[in-house]
Amino acid sequence: MKYRELGKTGLMVSEIGLGAEWLERHNKEEVKAVIDCCEAHGINILDCWMSEPNVRSNIGAAIRGKREKWIIEGHIGSTWQNGQYVKTRELGAVKAAFQDLLDRLETDYIDLGMIHFVDEPAELQKILSGEFLEYVRSLKAQGTIRHIGLSTHNPAVAKDAALSGEIEMLLFSVNPAFDLLPADEDLNKYFDEASYKEELGGIAPEREELYRICEQQRVGINVMKGYAGGRLFQAETSPFGVALTPVQCLHYALTRPAVASVMAGCDTPEHVLAAVSYETASEEERDYATVLAHAPRHAYSGQCTYCGHCAPCPAGIDIAMVNKLYDLAVMQDQVPPTVLAHYQGLKANAGDCIGCGGCESRCPFGVRVVERMEQMRQVFG
């Protein structure tokens, strides 16, 4: 296992980490098997955003007696209310949930105190200028958290956070489907092999800018959604019409500037082994560029690649974002609670669509956006 410095925190994190979300569906013994497998292969960082009590307790039991071996991302603002996950900024609930995290993980400190799930710029500014940040600062002053981080899927929020001087690292969604932008409207040039070299050619400008700012400001990035919820593993569900391997997805994320670690979603030891195989993979096995460059052109028709060419929307919907969340939702038997909360937290979503079709006229891939908006209403309620 290779280790990287996480920005200005000084922490040395394994470049493959554990995204523990999927452990919610497992019992104590199964959770321990996954965490033991991670530890045996050199993984030393895990992300626990989940507020569900049992999974917190199961993780705590699995790392009992070995706390010093783990760097923990613990989220502030992720709460459990009336039997379900709720994101909140109400300090009473926030403080109780964070103490519950400490108690169930059987620790008196969290290495990376994550301001949980901020996806609107206005929300970030309210946090940075209000009592929520004061509380987070007090946790750091007491040593209850060692560093202040923030999780977001929105590059504009991530950029503002990186420039704020308060945020030391980010948990941010990175994968080819979320990053890549057509160089122009000519689909024959969209996946020109030159766009997929190790440089940043072809990446959406706001995401390219974010990576460079984080590198300049020494704000480290840990990656979530590196596999796009598993969507990239099947040609049928990949927006590129070709399947990528876990190793190729990991290599993509780990070659972005400022990225220190990818929180790979694992709910079995076999998933852990698939991720850590990256460390011994050949350059040929890591090569995502050739696969994407030779993807069948017809496969892009009707597939949303989250490129943003559909904007602007007169109803204020972030069309690329709601499409991304919808695709993540339908990959699972049930809508993941974070995806649902993210969707509901947007200032406008599919329920606000007026069906004007302007987005469809601008989409270079012929996505039937209005039809998908109706499908989103059915899935998300």
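The values are calculated or read from the model by the stated rules, or taken from the named source; none is laboratory data. Treat the numbers as computed from the prediction; the structure is a model and nothing was measured. We place every Cβ from the backbone using ideal geometry, glycine too, and count neighbours over all the protein chains shown. With ligands, DNA and RNA removed, areas are computed over all heavy atoms of the protein, side chains included. Shrake-Rupley method; radii C 1.70, N 1.55, O 1.52, S 1.80 Å.
Scanning region 87-102 for residues that are open to solvent by 40 Å² or more (accessible area, probe 1.4 Å) and either over 14 Å from residue 144 (Cβ atoms) or without any contact (Cβ under 8 Å) to a residue 40 or more places away in the chain (or both) yields 87, 89, 90, 92, 96, 99.
Looking across region 56-84, the residues that are surrounded by fewer than 20 Cβ atoms within 10 Å (Cβ to Cβ) and either part of a strand (DSSP E or B) or among the hydrophobic types (A, V, I, L, M, F, W, C) (or both) come down to 61, 80, 81, 84.
Restricting attention to region 1-35, report how many residues are part of a helix (DSSP H, G or I) and either within 19 Å of residue 246 (Cβ to Cβ) or not polar (S, T, N, Q) (or both).
Taking region 1-35 and keeping what is part of a helix (DSSP H, G or I), we get 7-9, 20-25, 28-35.
This time we only want the ones that are either within 19 Å of residue 246 (Cβ to Cβ) or not polar (S, T, N, Q) (or both), so: 7-8, 20-25, 28-35.
Adding up the residues that qualify gives 16.
Of the helices (runs of 4 or more DSSP H) lying entirely inside region 270-381, those containing at least 3 residues that are out of contact with any Cys (no Cβ under 8 Å at 6 or more places or on another chain) span 283-286, 289-293, 319-330, 337-345, 369-380. Taken together, 243, 235 contain a single residue that is within 23 Å of residue 19 (Cβ to Cβ), surrounded by fewer than 23 Cβ atoms within 10 Å (Cβ to Cβ), modelled with pLDDT of 80 or more and more than 18 Å from the chain's Cα centre (by Cα), which is 243.
Selection within region 178-229: residues that are over 20 Å from residue 16 (Cβ atoms) and of a type in the set (Gly, Ala, Ser). The member of this set that is modelled with the lowest pLDDT is 183.
Let me confirm something: among 26, 41, which residue is over 25 Å from residue 345 (Cα atoms) and modelled with pLDDT under 95?
Working: 41 fails: modelled with pLDDT under 95.
Every option except 26 fails the conditions.
If I filter region 249-258 for residues that are open to solvent by 50 Å² or more (accessible area, probe 1.4 Å), out of contact with any strand residue (DSSP E or B) (no Cβ under 7 Å at 6 or more places or on another chain) and in contact (Cβ under 8 Å) with a residue 12 or more places away in the chain, do I get at least one hit? Among the residues of region 249-258, not one is open to solvent by 50 Å² or more (accessible area, probe 1.4 Å), out of contact with any strand residue (DSSP E or B) (no Cβ under 7 Å at 6 or more places or on another chain) and in contact (Cβ under 8 Å) with a residue 12 or more places away in the chain, which makes the answer no. Taking residues in region 358-381 that are within 19 Å of residue 180 (Cβ to Cβ), and partners anywhere that are of a type in the set (Phe, Trp, Tyr) and open to solvent by less than 20 Å² (accessible area, probe 1.4 Å), the pairs with Cβ atoms closer than 7 Å and at least 6 places apart or on different chains are 365/300.
So which of 276, 247, 291 ends up being touching a helix residue (DSSP H, G or I) at 6+ places or on another chain (Cβ under 6 Å) and of a type in the set (A, V, I, L, M, F, W, C)?
On the way: 276 fails: touching a helix residue (DSSP H, G or I) at 6+ places or on another chain (Cβ under 6 Å); 291 fails: touching a helix residue (DSSP H, G or I) at 6+ places or on another chain (Cβ under 6 Å).
Of the residues listed, the single one that is touching a helix residue (DSSP H, G or I) at 6+ places or on another chain (Cβ under 6 Å) and of a type in the set (A, V, I, L, M, F, W, C) is 247.
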